[in-house]
Structure formats: C-alpha cells, structure tokens
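Take a look at the structure below.
The values are calculated or read from the model by the stated rules, or taken from the named source; none is laboratory data. No experiment lies behind these values; they were computed from the predicted model shown. Cβ placement follows ideal geometry from the backbone for every residue including glycine, while neighbour counts extend to all protein chains displayed.
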Amino acid sequence: MDVLIVDQQQVSRLLPMDGCMEAMADALVALARGDALMPLRTLVWLPDGSGGLAAMPSALPAASALGIKVITVFPGNLGTPFDCHQGAVLLFEGEHGRLLAIMDATEVTAIRTAAVSGVATRLLARTDAEDLAILGSGTQARTHLDAMLVARPIRRVRVWSRTRERAQDFARRETARLGIPVESAGSAREAVDHADVICTVTSSRQPVLFGEWLSPGVHVNAIGAVGPANRELDTETIARSRLYVDRRESTVNEAGEFVQARAEGAIGDAHIVGEIGEVLAGSAPGRQTEEEITVFRGVGLAVEDLAAARLIYTNAVEAGAGVRVELGGGRHGSD
C-alpha cells in the first residue's frame, strides 16, 4: 500500500491557520460530546531528565480516522539548531486500518497548538481586544502571533524573552513578515502591562507571569512546559481567573499550574469552569463580564493532532502534494 509523506514545509502550506482553527473547534466539540477516543499521553523520560519520548494516540470513529503522534521532547534544544519537539504524526483510516500518511510533527504541533489558543481567544477574550503580549520568542511565539491575528483585531504586539537578543530578533523578523509593529520588551512585566491578550509560550519550569501584573478583562493563553512540576503562571494568576482547559482529565494530571495551585489549597477541582469544547457546544459558560480575567491552560491533545492530520491529508490529496512511498500493509499471496 502506498503512504503519503508530508514534510515540514509542506505541512505549513497545507495547514492554514484559519482552517486549522475550524478543525480544532470541531475536534474539541467532538471530545466534549464523547465522540472522540483518547487516552492520556505516554511519556518515557531518559534517566537524566534531558529528554523523552511521548506517544499520543486518538480516534474519531464518526470520521473513520485514527492517528498517533510520536515525538521526542528535549527542552534543552531551545536556542540550538534542533526543535524541542521532533517526530511524526501517523494517520490511519478506520475501515481496514490502512496507514494513509506520515507527517512532520514539529510543524503540526506548532500550528495546531496555536490554533487551539486562537479558538479559546475567540471565545473568551473581549471583542475589542487589540493589545497582545507574548512571553517567549520561539516557534510557538510565531504561530501564536498568527493565531491571535486571526482571532482578534490586534494592533499592538509586545514580546519578551529571557534572552533580550532573541526578543529583539523576533520583533524585527515578525514586523517585516506581517507589516505590523512588534516591539521587544525589557521585562515580562513591561510586556504584559495593560495587555488585552497574553500568550505564555516558554519552556520555563517556573512562573513567568504573575497575578499581580494582570489588568482587568485580560485573557491569557498558557501552553508552555507540560507536567505537574512545571508552570508558567503563578498561583495568584490561576486563583484570580476563570479557568478553561482543553480537557479536564489531562489538566488535573499534566498541568502544573492547576496541580500546584490545588496542592497549595488555593483552588479545588471546581475552579475549572469548563473545557473549550463545552463552551463551543453551549454546555459551559464563557466570559461573563468585561472585567473578569480568563485563562486558557492548554496541554495539547492527541485528537488535535488527528484533526490537523486529516485536514493536511485532504488538502494534500487535492493539491497533489507530498510524496507517495510503498510501505506494505496489503496482503500478498494466498493463505
């Protein structure tokens, strides 16, 4: 059987941000309604903690689609020629279990993660939000900027990074790419001052955003380092906010912001207002006032990778993109 191979550059062309946001919304609604199958991810860490291997399977039975993302996670790659997340997404059809495609996981992860934050921002940010702050200057900073521009009429962008030169490079590059002013900030606090939307996209294991800095009415997307020991937001940020997640089960096991704030006694399980899919489906409330602070804590879900892979495959077939190779899977000979 032939299998479609889609490389990193092709993924970026075949997965436009606006289309990916629509696919993510559909996948999150399916998850909220119980129409998606998805266990928690499996992580195998190296003994020294420098990196590990993650496997994320899922299925959308109504779409006759199955998939799995297999990636390595090496946070120390930040600032090197190598991405922190590398691997592949495998797409299967649900009738005979045929492998349809193998796709670069780095770009899938970069785009679909930002697209989910874009969906959350559409739902939760004030409609007049136009001032954006990004904490972090890596790949997710770039794709989150793209998603925020789709979600809201952003007119001002400030970026902060723990390395000032990286923030300055990001600001220059994105200003030239997008034609809108992107400023580098000298501190995280300076970046978020009076921001309407904040995206934390760092690999930090300690808080980079603090509740005392937040303006009334701000919306925060937090998607950085996953794991119960890691957090980008301090406890005050979580406690002050109406908290939304991509999936409850994943959040209570994998989101350090929630796990640590609960362990400190600042919140309980009921502090989660709802999943984004539930808000989309109308079974959980969204923003209630212009002044309240909303936080979306996304940990990344396998069903998001599957939905992105299906869209890439459809677009690739229509465009005649990718390379087809024979990998087997068909029967040869007779019994």
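In this structure, does Ser203 turn out to be out of contact with any Pro (no Cβ under 7 Å at 6 or more places or on another chain) and among the small types (Gly, Ala, Ser)?
Answer is no for this residue.
When Pro181 is tested against the conditions (1) of a type outside the set (Val, Ile, Thr); (2) touching a residue at least 40 places away in the same chain (Cβ under 8 Å); (3) not assigned by TED's automatic domain parsing to the domain that holds Arg13, the lone failure is (2). Residues that are more than 26 Å from Val6 (Cα to Cα) and among the basic types (Lys, Arg) do occur in segment 138-155. For segment 29-43, the set of residues classified as surrounded by 19 or more Cβ atoms within 10 Å (Cβ to Cβ) and either farther than 17 Å from Lys69 by Cα or polar (S, T, N, Q) (or both) consists of Val29, Ala30, Leu31, Ala32, listed by residue number.
Checked across segment 71-91, the condition of being at pLDDT 95 or above, crowded, with 18+ Cβ neighbours inside 10 Å and touching a Phe, Trp or Tyr at 6+ places or on another chain (Cβ under 7 Å) holds for at least one residue. Within segment 1-35, restricting attention to residues that are under 18 Å from the mean Cα position of the chain (by Cα) and of a type in the set (Gly, Ala, Ser), the residue that is farthest from Glu107 (Cα to Cα) is Ala32.
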